[in-house]
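The values are calculated or read from the model by the stated rules, or taken from the named source; none is laboratory data. Fair warning: this is a prediction, and the values are worked out from it, not measured in the lab. Cβ: placed from backbone, ideal geometry, glycine included. Neighbour counts: every protein chain shown. The accessibility values were calculated without ligands, DNA or RNA, using every heavy atom of the protein model including side chains. Shrake-Rupley method; radii C 1.70, N 1.55, O 1.52, S 1.80 Å.
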Amino acid sequence: MHVGGGFIVFIVNFLIRRLAQGVIIVFLVSFLIFTLLRVIPGDPVRLMAGGMAPDHVIDQIAEDMGLRDPIPVQFVRYMGGVLQGDLGQSFIRPASGAAVGGASFDDNTRSERAEVFDLIADTAPFTLQLALLAMAFALIVALPVGIYGGLRPGKWPDRLALYMGSLFISLPNFWLGIVLALVLSVNLGWLPAIGYQGFAYTILPAIVLAVEIAPFLIRSLTVSVAQNMRENYISVAAIRGIGHRRIVMAHALKNASVPLLNLLGVQFSMLLGGVLVVEFIFDYPGLGLLTINAVLQRDFPLIQGIAIVTSAAFVVINIIVDLVATTIDPRLEY
Amino acid sequence: MGTPLLDVSNLTVAVGEGASAPRVLTDISFTLEPRGILGVIGGSGAGKSVLAKAIINWLESPLRVVTGKVMFEGRDILTMSDRETRLLRGKAIGYVGGNPSGALDPTMTVGAQIVEKLQAVEPGTSYRKAQERVVALLDAVRIPSSDQRFNEYPFQYSGGMMQRAMIVDALVSNPRLIVADSITQPLDVTVGAQILKLLRELRDEFDTSILFVSNSLPTVADVSDRVIVLDRGIAVEQQPTADLITSPRSAETRQLIDELPTLWAHDDRSRLKPASEDARPIMSVRDVSRNYALASRGLLNFGPKRILQAVRHVDFDIYEGENFGIVGESGCGKSTLTRLLTALEPPDTGQITFEGKDIFGRGKEGTRAFRRRMQLVLQDPYNSLPPRNSIGTIIGEPLVIHGLASRKERRSRVLEVMAEVGLPASLYEELPMVLTAGQRQRVNVGRALILEPRLMLMDETLSALGQTEQGQLLDLLEKLQAQHGVTYLYISHDIAMVRRVCARVAVMYLGEVVELAENETLFFNPGHPYSRALLSAAPTLESRRYRSEDCLLDGEPPSPIDLPSGCAFASRCPQAFDRCLIENPRLQSRGGLNRAACHLLDSENTVPKEVSA
Ligand SMILES: Nc1ncnc2c1ncn2[C@@H]1O[C@H](COP(=O)(O)OP(=O)(O)O)[C@@H](O)[C@H]1O
Ligand code: SF4
Ligand SMILES: [Mg+2]
């Protein structure tokens, strides 16, 4: 199977099929969000133009922006833009500087509103950096604890993994965030906590997130390592004369890595899409904070843009995970 | 002779600690010379596997060596350090178990894992060198296109091929001793026979000694120079093979020999009832086919869909009250046919009627009613019973599913059935854990019987049982048939059992019925070369009517995907000729109820003639 051209054919088939599925998913998500945003009460134009603007001005702006057209028409127009990489413009934010919600209706800088694409492109790297660091922290703890726990079922390493997982899972993230900020930042002054002025600002929120996801990684590892160590091929390997180290490293861990990989994919997607609370607590300028503000300000184009970008990211992560998993365990191809 | 390679003396193994711990091996002593093949035979639970594991010092708690020595080339394996044992294991002693599936890491290619093993026990071997050696050995055990197979994963191997790969794995380090525990048990007789042949060749070629463990006396007798008979952990007899068979000394050995079903000699225990043409068919299978479409392998899934033809134009009748058998190698379509006959899947074309009615013709209700009158009794007595339900609940469950009896009626009905299948009423509240293999099978039979079916389909039901238990179960089934007039359909790869009970037999190969014959005709005058190959491979102590040298071909059936035109057996048929490659032979009558599909029959006049032994 993985011999010669067969593998290339498989990869190409796989990518094309999965990308096509991905496009459909992203399209459906967009349509859902788009429709929801337009049927919930509240007129964003009123927010944009300011409470003082006369009704005819509001109507005029709305008309100009096409907001009075039927939803499908608006959607088609919007998606036409998306296909060309244009996610539209923020209702609220100017091209530079902070949000200007509630600005005066005759403010002539209003046409200089920020591109949604730029807003996302500016914040996404921060979230990506946070997610990667959180993942790294979580793995540094989960790998040794989980693997060792799985190799010694019922013994103290197993119990350590269990207790550690239960402890981590019972800590609420907002509480942990505040405590860590108070202790490490305010009292000890070791790490900066609020805002972002350099890489060090990522560490505290990453620790909080790592504590949040580590229990799942530990659990998955202990279970799948222990399960693989009970497999026939492991005990047979010893009889075949293969050393214990190699049995664990090259076989048990390799087999246990597939479920872990799937879990990592899911966790990573969650980190990209929804670290709302943690970014909010630490005032960390990532996608989470951007989302919160966009929602509070009813900045529809921005909410939509974020939804499309994150769902596209989910799709890509998923494809990568499945591709790697199939390379590790070729049975998945069938 | 010099010092023996292996010298086991006074080996006693117990389960658990303490002087009163039950013994599973008692005072076993034997020696194995270089180049010798020593057979170990015994019923299930006799201690064969424990003995095999003790020899490689692989006993896991609660098993414990009480006394004894296992001297290998003058050193006691049982007192070696872990390190020494490990060096000995992969290198000097190879072990092959009876369960090749799951014996290798599913995520690595078979070749890479054998190379890994060789490099582990012979550090410093280059990958290239190791690979060359593995491919050469894969060739030696007749794995076709070995250099391609080297790069395939375990799940791409059939059971027979995997067993051969495990033999290569054991051989690759040129061990002085191979311990083979039940290696032919999971295999088809044809493949098993090939493996036995291979072992003998290996001994001749590589001077390997072999400890061959099996529960089948004919199989052990086939390969071994000497045989030890184990019974409940005691070596009751030890003799050169020929002497053991002609003049057994112990009662246990004599019983083993007497219980063996015979293929050609007259057998008093034969349960055959002659087939008759005037009997009424209870089930008719008319030109039934079943295909599965597989994804194409081309770019973007373009290109022709690949079709797997699992069952092809199968056509037969099963008569009321008879025993009908279906035999064939694994992968020949038996399981698919079982699913069709039990209405789990409809056929693509053709029709299956039961008591005159199409089993799919009357909607869901009709199918449900049919399923009550036709019951499937499954194979694998160790895994099919839910471990946490009481035996009474398990047997009564079909009544609940079909909503047939109130709670009170159910209990009395279950007890009635338990009595009928020979299970003591005291087992009603017990869990399946306490049952022996034979009793488990009785539970399965009782579960089917409770719905008072007209037809019972036995899918490899008896193949996991030892000879004694199998005989008892056959007695039971016969009794039930006499009382209730049930019809049995046996699906099996056990030719000897089919010989004993089935009046008519269908032989399947690659989805087709290639021969449909009455018992005597099939065994004494088979009409199809494949039937002869099956007969030549069946384990037996009798002198064979068909020698495997003439009838048995190497290899395995071709893939049922994209079958070539012509006779499907042509690639392995010793008698194939030009026409076979072009034209698929049709089933033709050979007189009476006998039919076979082979072009050679055109020259044989339809009157069956006697074939010399
Ligand atoms: N790991 C074990 N723990 C406890 N009892 C065992 C274990 N393995 C085997 N036995 C017992 O030892 C006896 C012999 O078993 P075994 O060697 O597997 O028989 P055989 O291979 O001849 O069928 C049986 O009574 C079985 O229950
Ligand atoms: S038709 Fe030809 S190939 Fe097929 S079984 Fe008969 S002789 Fe062999
Ligand atoms: Mg055994």
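If one computes P(r) from the Cα atoms of region B:6-254, what percent of pairs lie at distances over 28 Å? In whole percent, the long-distance tail amounts to 33. Do you know the relative contact order of region B:381-453, to the nearest whole percent, from alpha carbon pairs under 8 angstrom that are 6+ apart? RCO, region B:381-453: 48 percent. In region B:107-147, burial by the other protein chains removes 50 Å² or more of accessible area from B:THR107, B:GLU116, compared with the chain on its own (1.4 Å probe, ligands and nucleic acids ignored). Spatial offset of region B:126-177 relative to region B:3-58 amounts to 29 Å, using the alpha carbon center of each. Taking the convex hull of the alpha carbon positions in region B:1-48 and averaging its projected area over all directions gives 4.3 nm². Think of each Lys and Arg Cβ as +1 and each Asp and Glu Cβ as -1; about the Cα centre, that makes the dipole of the protein assembly as shown roughly 1080 debye.
Tell me, rounded to the nearest percent, the portion of alpha carbon pairs in region A:113-210 spaced more than 19 Å apart. Of all Cα-Cα pairs in region A:113-210, 56 percent lie more than 19 Å apart.
Assuming a ≥ b ≥ c are the square roots of the Cα gyration tensor eigenvalues, decide whether region B:381-453 counts as rounded (a/c under 1.5), prolate (otherwise, with a/b larger than b/c) or oblate. In terms of gyration-tensor shape, prolate. Apolar share of the accessible surface for the protein assembly as shown: 58 percent from carbon plus sulfur atoms, 1.4 Å probe. The DSSP beta bridges internal to the protein assembly as shown are antiparallel in roughly 60% of cases. Rounded to the nearest 20 debye, the dipole size of chain A about its Cα centre is 1920 debye, using +1 on the Cβ of Lys and Arg and -1 on the Cβ of Asp and Glu. Strictly under 4.7 angstrom between C-beta atoms: which cysteines of the protein assembly as shown have no such partner? Among the cysteines of the protein assembly as shown, those whose Cβ sits 4.7 Å or more from every other are B:CYS332, B:CYS502, B:CYS551, B:CYS573, B:CYS598. Ranked by the mean number of other Cβ atoms within 10 Å per residue, highest first, peptides B:128-135, B:62-69 order as B:128-135, B:62-69.
Dipole orientation for chain B: of the candidates B:THR219, B:THR461, B:MET497, B:THR461 has the Cα lying most toward the positive pole (charges on Cβ; Lys, Arg +1; Asp, Glu -1). Listed here are the pairs B:LYS48/B:LYS91; A:LYS254/B:LYS117; B:LYS69/B:LYS129; which of them are more than 28 Å apart at the Cα? The answer is B:LYS69/B:LYS129. Modelled this way, with points 7 Å down the Cα-to-C-beta line, the labels at B:ILE582 and B:ASN174 are 5.3 nm from one another. Taking every alpha-carbon pair under 8 Å whose residues sit at least 6 apart, chain A reaches a relative contact order of 22 percent. DSSP assigns beta bridges within region B:6-254; of those with both partners inside it, close to 55 percent run antiparallel. For peptide B:150-156, the mean count of partner chain Cβ atoms within 10 Å of a residue's Cβ comes to 4. One Cα centroid belongs to region A:281-309, the other to region B:446-514; the line between them spans 69 Å. Sorting the segments A:192-200, B:408-416 by their residues' average number of neighbouring beta-carbon atoms within 10 angstrom, most packed first, yields B:408-416, A:192-200. Relative to the compact-globule estimate of 2.2 N^0.38 Å, the Cα radius of gyration of region B:159-244 comes out at 1.09. Across region B:503-613, what fraction of all alpha-carbon pairs, as a whole percent, falls in each successive 10 Å bin from zero upward? For region B:503-613, the pair-distance distribution reads 14, 48, 33, 5. Between region B:313-352 and region A:184-263, what is the separation of their alpha carbon centroids in Å? The two parts, judged by their Cα centres, are 51 Å apart.
Of the peptides A:56-68, A:138-150, the order by per-residue mean of other Cβ atoms within 10 Å, starting with the highest, comes out as A:138-150, A:56-68. Averaged over the residues of A:322-330, the number of partner chain Cβ atoms lying within 10 Å of the residue Cβ comes to 2.
Against chain A, whose longest principal axis is taken from its Cα atoms, helix A:5-39 shows a tilt of about 40°. From the square roots a ≥ b ≥ c of the eigenvalues of the alpha-carbon gyration tensor of region B:415-499, which class results: rounded (a/c under 1.5), prolate (a/b over b/c), or oblate? It is oblate, given that a/c is not under 1.5 and a/b is not larger than b/c. Here is the interface size for A with B: some 2600 Å² of accessible area buried, both sides summed, with a 1.4 Å probe. Computed over the alpha-carbon atoms, the protein assembly as shown gives an Rg to Rh ratio of 1.06, Rh here being the Kirkwood radius from the mean inverse distance.
Largest first, the extents of the alpha carbon coordinates of chain B on the three principal axes equal 71, 64, 56 Å. With the whole protein complex present, A:TYR78 retains an accessible surface near 30 Å², based on a 1.4 Å probe. Take each residue in A:230-238, count the other chain C-beta atoms within 10 Å of its C-beta, and the mean is 6. The Cβ shell under 11 Å around B:VAL66 holds other residues with a net charge of 0, Lys and Arg each +1, Asp and Glu each -1. For chain B, the relative contact order comes to 13 percent (Cα pairs under 8 Å, sequence separation of at least 6). Taken per residue, the accessible surface of the protein assembly as shown reaches 45 Å², heavy atoms only and a 1.4 Å probe. For the protein assembly as shown, adding -39500 (n - 2.57) for each run of n ≥ 4 DSSP H residues and dividing by the number of residues yields -14500 deg cm²/dmol at 222 nm. The simple Förster model, with R0 at 41 Å and r as the Cβ-Cβ distance, assigns A:ASP55 and A:LEU171 a FRET efficiency of 0.20. Under 1.5 on a/c is rounded, so check that first for chain A, then, if it is not, pick prolate when a/b is larger than b/c and oblate when it is not; a ≥ b ≥ c are the square roots of the alpha carbon gyration tensor eigenvalues. Oblate is the answer for chain A, as a/c is 1.5 or above yet b/c matches or exceeds a/b. The residues packed around B:LEU462, meaning those with a beta-carbon under 11 Å from its beta-carbon, carry a net charge of -3 if Lys and Arg are +1 and Asp and Glu are -1. Counting heavy atoms of the protein chains alone, B:LEU404 has an accessible area of about 80 Å² for a 1.4 Å probe.
Mean projected area of the Cα convex hull of region A:124-285, taken over all directions, amounts to 10.3 nm².
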